[in-house]
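Reviewing the structure listed below.
Read-outs: derived from the displayed coordinates by stated rules, not from any lab. All of these numbers come straight from a predicted model, not from anything done at the bench. In this analysis, Cβ positions are derived from the backbone assuming ideal geometry, glycine residues included, and neighbour counts consider all displayed protein chains.
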């Protein structure tokens with residue numbers, strides 16, 4: 001029987017209308033009731049960051065690339081839609097494998113605007129490839145994306161020779177007049193893996209060697225993906241180098257499970273001593289695995305098995321067991337490494353013994369929502385004490401939260417973070433706009449329902 005328009009009457013997550021793929025339809029409200037434990041096995045969808053990069057590089061490679069466990073996120077669907085408009089056919093086979101027919105370095109001029117939806121990753125990284133094309137492209141996005149800053153990619157791409165128009169404040173829509181590019185040595189003011197990938201992708205089209213030297217090392221999925229497709233990329237300290245004129249070849253790859261999505265289940269298990277969750281095939285990239293170190297410091301018991309390498313990325317099975325739940329201070333390089341996981345860590349911080357302090361996180365103000373303000377607002381609705389700062393938060397521990405009506409603010413990570421926080425609150429919690437979770441994890445609520453019990 002189809003789950004469309006049916007109510008899921010379950011113990012902990014009630015009144016959820018599920019689509020056939022396990023997602024929640026637009027406008028969905030989710031009601032979460034308290035749980036007593038979290039236990040089971042969850043197969044996390046493919047990593048969003050890697051899926052974006054694979055699709056873009058497959059488009060400019062020669063031959064047909066095949067990707068298993070490609071992310072089902074709406075953001076990654078936006079990337080696939082954009083590459084299709086640029087002349088690259090793609091299809092999904094019966095076993096859910098994604099195949100992308102590459103056309104080589106020169107794409108086709110798009111017949112219409114490239115709609116990036118809610119995906120800043122699509123807009124920022126694809127712009128690097130479009131900057132080297134002999135045509136003009138226009139990229140737009142939804143209301144949320146239209147508020148996000150793009151000056152951070154416009155600056156280096158302009159230095160390389162592209163001409164880019166944008167709305168006031170360097171915000172979308174973007175019009176990119178591509179053409180011949182020159183190599184640069186770029187030192188971004190804000191550490192950003194998306195900016196780094198954008199410039200390195202543009203470097204494929206530049207005359208000479210392009211260098212991106214970061215103030216703090218960020219995730220290196222762009223460099224690893226480029227190498228997987230046959231490009232030579234060197235890294236020395238915080239600097240990555242790529243020579244222009246390199247041609248890419250198609251690959252077949254399995255996309256590891258998204259560690260940022262796994263964070264929600266780790267935090268859910270951490271709420272209840274004795275809980276146990278097993279997540280097979282999870283990304284273990286060293287630039288992302290700092291999350292596991294922090295969770296262990298906070299008291300979560302973690303073990304890793306079956307460690308393997310897939311196309312340069314480390315993958316393993318992670319088992320997490322709930323125990324004493326301590327606090328933490330996240331600052332500096334840790335903030336950059338955990339920028340996507342901070343919302344859920346903050347949402348469950350009141351349940352820790354020592355609380356959580358987040359510093360140097362101004363970047364959270366310009367995500368899909370103002371995540372600092374969103375976390376503070378929802379925690380206060382649940383009765384928590386929170387100190388909101390310009391660049392972070394201080395959340396005392398040993399607090400008792402109650403259920404409340406919360407807003408997702410149209411942000412996938414806020415919707416999922418507070419579904420987890422609600423599992424230990426007293427009474428029911430209502431999350432408005434829960435369908436936002438589909439931006440990164442369409443089946444999240446169904447998967448959470450499967451491993452919680454009251």
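Rounded, prolate or oblate, given the Cα gyration tensor of the chain, with a/c below 1.5 counting as rounded? In terms of gyration-tensor shape, prolate. In this calculation the C-beta distance from residue 112 to residue 385 is compared with R0 = 60 Å, giving a FRET efficiency of 0.75. Averaging Cα coordinates gives a centre for the stretch 375-454 and one for the stretch 256-314; these two points are 20 Å apart.
Report the convex hull volume per residue for the stretch 348-417, counting only C-alpha atoms, in Å³.
Working: hull volume 4.9 nm³, N = 70.
So the per-residue Cα hull volume is 71 Å³.
With neighbour counts taken as other beta-carbon atoms within 10 Å, the residues 90, 325 rank, fewest first, as 90, 325. Here the sum of -39500 (n - 2.57) over DSSP H runs of 4 or more residues, divided by the residues of the chain, equals -8000 deg cm²/dmol at 222 nm, to the nearest 500. Answer rounded, prolate or oblate for the stretch 48-254, using the Cα gyration tensor with square roots of eigenvalues a ≥ b ≥ c: rounded when a/c is under 1.5, else prolate when a/b is larger than b/c, else oblate. Verdict is rounded for the stretch 48-254. Working note: Cα gyration tensor of the stretch 252-294, eigenvalues times five, square-rooted, sorted largest first, giving semi-axes of 21, 13, 7 Å. Available extension along the chain between residue 167 and residue 236 is 21.2 nm, counting 0.36 nm per residue and deducting the alpha carbon span. With respect to the chain, whose longest principal axis is taken over its alpha-carbon atoms, helix 120-130 is tilted by about 10°. Taking label positions 7 Å along the Cα-Cβ direction at both residue 143 and residue 190, the computed distance is 2.2 nm, reported to one decimal.
Principal-axis analysis of the Cα atoms of the chain puts helix 48-59 at an angle of about 20° to the longest axis.
Between residue 151 and residue 29, the FRET efficiency estimated from the beta carbon spacing at R0 = 30 angstrom works out to 0.25.
Could you give the angle, 0 to 90 degrees to the nearest 10, between helix 412-422's Cα long axis and the longest principal axis of the Cα atoms of the chain? Helix 412-422 sits roughly 20 degrees off the main axis of the chain.
May I ask you to order 422-432, 253-263 by the average number of other C-beta atoms within 10 Å around their residues, highest value first?
On the way: 422-432: 20.4, 253-263: 23.9.
Per-residue mean Cβ counts within 10 Å order the peptides as 253-263, 422-432.
The peptide list 372-381, 335-344, put in order of mean Cβ contacts within 10 Å with the highest first, becomes 335-344, 372-381. Name the residues of the stretch 273-304 whose amide N is less than 17 Å from a point 7 angstrom out from the Cα of residue 326 along the C-beta direction? The answer is 273, 291-303, whose backbone nitrogens lie closer than 17 Å to the label point.
Let me know the shape class of the stretch 228-340, please: from the alpha-carbon gyration tensor, a ≥ b ≥ c as square roots of the eigenvalues, rounded when a/c is under 1.5, otherwise prolate if a/b is greater than b/c, or oblate. It is oblate, given that a/c is not under 1.5 and a/b is not larger than b/c. The length gained by stretching the chain between residue 297 and residue 136 to full extension, at 0.36 nm per residue less their Cα-Cα distance, is 53.0 nm.
With bins 10 Å wide beginning at 0, the percent of Cα pairs of the stretch 295-378 falling in each bin runs 15, 39, 32, 13, 0.
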